[in-house]
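Read through the structure below, which is laid out as structure tokens, and then see the notes.
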Amino acid sequence: MIMHQERWVQGWHMNARNVLFGGQLLSWVDEDTTMLAYNCVRTEDAGMKLDLVTVGMNHIQFLKEVNRG
């Protein structure tokens, strides 16, 4: 399954260097991967409660700065 997500980077997402705060990016990654995981494992039983949690993220490396816009 392939997922493509785009976000507008607003002023409140910026850090002191005026680039995207890394914590905000990780928050978006967490949200989007949770939605992807949910879509992959949900069952046909609409009454089933499905709790998904992020256990961890390892070796996060930011390769480029993300500017506003």
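The values are calculated or read from the model by the stated rules, or taken from the named source; none is laboratory data. Note that the coordinates shown come from a computational prediction; the quantities given were computed from them, not determined experimentally. Cβ atoms come from the backbone with ideal geometry, glycine included; neighbour counts cover every protein chain shown. Just so you know, the surface numbers come from the protein's heavy atoms only, side chains and all, with ligands and any DNA or RNA stripped out. Shrake-Rupley method; radii C 1.70, N 1.55, O 1.52, S 1.80 Å.
Listing for the model above:
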read-out	value
Heavy-atom accessible area order for Leu25, Leu20, Leu63, largest first, 1.4 Å probe	Leu63, Leu25, Leu20
Radius 12 Å from Cβ of His13, net charge of other residues (Lys, Arg +1; Asp, Glu -1)	+2
Local electrostatic count at Val53 - Lys and Arg +1, Asp and Glu -1, tallied over other residues with Cβ under 13 Å	-3
Listed residue (Met3, Gly23, Thr34) projecting farthest to the positive dipole end of the chain, Cβ model	Gly23
Cα-based helix-to-principal-axis angle, 22-41 vs the chain, degrees rounded to 10	20 degrees
Per-pair calculated FRET efficiency, R0 = 22 Å: Gln61 and Met14 via Cβ, rounded to 0.05	0.65
Cα-based shape type of the chain, given that a ≥ b ≥ c are square roots of the gyration tensor eigenvalues and the cut on a/c is 1.5	prolate
Restricting the chain to chymotrypsin sites (Phe, Trp or Tyr not before Pro) in coil, as DSSP defines it, with at most 13 other Cβ within 10 Å	Trp8, Phe62
Total charge dipole magnitude, the chain, about the Cα centre, Cβ charges on Lys, Arg, Asp, Glu only, Debye to nearest 20	340 debye
Listed residues Val55, Val19, Val41, most fluctuating in the chain (Gaussian network, C-alpha, under 10 Å)	Val55
DSSP-assigned coil residues among trypsin sites (Lys or Arg not before Pro) in the range 2-69, each with at most 10 further Cβ atoms within 10 Å	Arg17, Lys49, Lys64
Accessible area of the chain divided out per residue, in Å², using a probe of 1.4 angstrom	89 Å²
